[in-house]
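Please read the structure below before turning to the comments.
Since every read-out is calculated from the coordinates, none of them should be taken as a lab result. No experiment lies behind these values; they were computed from the predicted model shown. Using ideal geometry, Cβ is built from the backbone for each residue, glycine included, and neighbour counts are taken over all protein chains shown.
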């Protein structure tokens, strides 16, 4: 098993998966017909994709970045996307990718990491098991 910075070819494949990734990540809230991780997002968060390969096959990826907020003097590490291809789920690959990102952030001297997860997303349990705590709730209603 290898985790490495995603190649251009892998990034193209990742982008081709965007509709299904978005639909799954948002638990159907978005239809996947609109690109959520745009060039502007990549620029604003200074992102990097890391891919996980097992026996030469792409199994999943994680998109990491950083942000600054008015309330925090130091930059905050961000997990912007975590995805494991369906045929590789339930093998601990999400956990492995998340731990890789945590180690990367520690090495880069970040003090905290944040992510956003939709209500009902099964990955929320993984995040909670890794020590993430809910700090805010976005609520909405139709008008």
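Looking only at residues in segment 25-60 that are in contact (Cβ under 8 Å) with a residue 60 or more places away in the chain and out of contact with any helix residue (DSSP H, G or I) (no Cβ under 9 Å at 6 or more places or on another chain), which one is surrounded by the fewest Cβ atoms within 10 Å (Cβ to Cβ)?
Residue satisfying both the conditions and the ranking: 27.
Within segment 79-86, does at least one residue satisfy the condition of being in contact with a helix residue (DSSP H, G or I) (Cβ under 8 Å, 6 or more places away or on another chain), surrounded by 12 or more Cβ atoms within 10 Å (Cβ to Cβ) and part of a loop (DSSP other than H, G, I, E, B)?
no
The rows are residues; the columns are (1) surrounded by fewer than 16 Cβ atoms within 10 Å (Cβ to Cβ); (2) outside any helix (DSSP H, G or I); (3) in contact (Cβ under 8 Å) with a residue 12 or more places away in the chain; (4) in contact with a strand residue (DSSP E or B) (Cβ under 9 Å, 6 or more places away or on another chain).
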{"position": "101", "(1), (2), (3), (4)": "no, no, yes, yes"}
{"position": "105", "(1), (2), (3), (4)": "no, no, yes, yes"}
{"position": "118", "(1), (2), (3), (4)": "yes, yes, yes, no"}
{"position": "121", "(1), (2), (3), (4)": "no, yes, yes, no"}
{"position": "128", "(1), (2), (3), (4)": "yes, no, no, no"}
{"position": "132", "(1), (2), (3), (4)": "no, yes, yes, yes"}
{"position": "143", "(1), (2), (3), (4)": "yes, yes, no, no"}
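Please go through segment 1-26 and pick out each residue that is in a loop (DSSP other than H, G, I, E, B) and within 15 Å of the chain's Cα centre (by Cα).
6, 17, 26
Looking only at segment 87-99, filter to residues that are in a helix (DSSP H, G or I) and out of contact with any strand residue (DSSP E or B) (no Cβ under 6 Å at 6 or more places or on another chain); which one of those is nearest to residue 13 (Cα to Cα)?
It comes out as 87.
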